[in-house]
Amino acid sequence: MGVEYYSGKNKKFGGIFGQWAKKKKIRLRNDKGQFKKGNYKSIGFVLARSIKEKGIKPSFFFTRAFDNALKRYPILLTKAFAQDIIDILKEQNNGKN
């Protein structure tokens, strides 16, 4: 479930992010850097809204690992990928008979 699921009537993410903000001791501040009034639930709603609007930066953890493996073993991975495609096509062909 994405953040948008929780932004309507069901507002659990405000509470979840509020709990996280409390653990991390995150507080709201005004333009002068002074602490602002507001509870952790309101901080949670601000965080959830920001994530919904801006998203979360991807980490590419799998992409980097795959690219590195492809550079190290290009022939091996190409042959294995081709064999996977052949196996899938055979499996689909056998199922249709």
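The values are calculated or read from the model by the stated rules, or taken from the named source; none is laboratory data. Worth saying up front: this structure is predicted, and the values here are computed from it rather than measured. Heads up, the Cβs are rebuilt from the backbone with ideal geometry, glycines too, and the neighbour counts pull from every protein chain shown.
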- Item | Whichever residue in the range 82-97 is at pLDDT below 90 and in a helix (DSSP H, G or I) and, among such residues, is surrounded by the fewest Cβ atoms within 10 Å (Cβ to Cβ) | 96
- Query: From the residues in the range 50-64 that are at pLDDT below 90 and polar (S, T, N, Q), which one is farthest from residue 18 (Cα to Cα)?
  - Reply: 59
- Message: Restricting to the range 49-80, count the residues that are surrounded by 10 or more Cβ atoms within 10 Å (Cβ to Cβ) and assigned to a helix (DSSP H, G or I).
- Response: 18
- Task: Tell me which of these residue 14 doesn't satisfy, since it passes every other one: (1) assigned to a helix (DSSP H, G or I); (2) modelled with pLDDT of 85 or more.
- Result: (2)
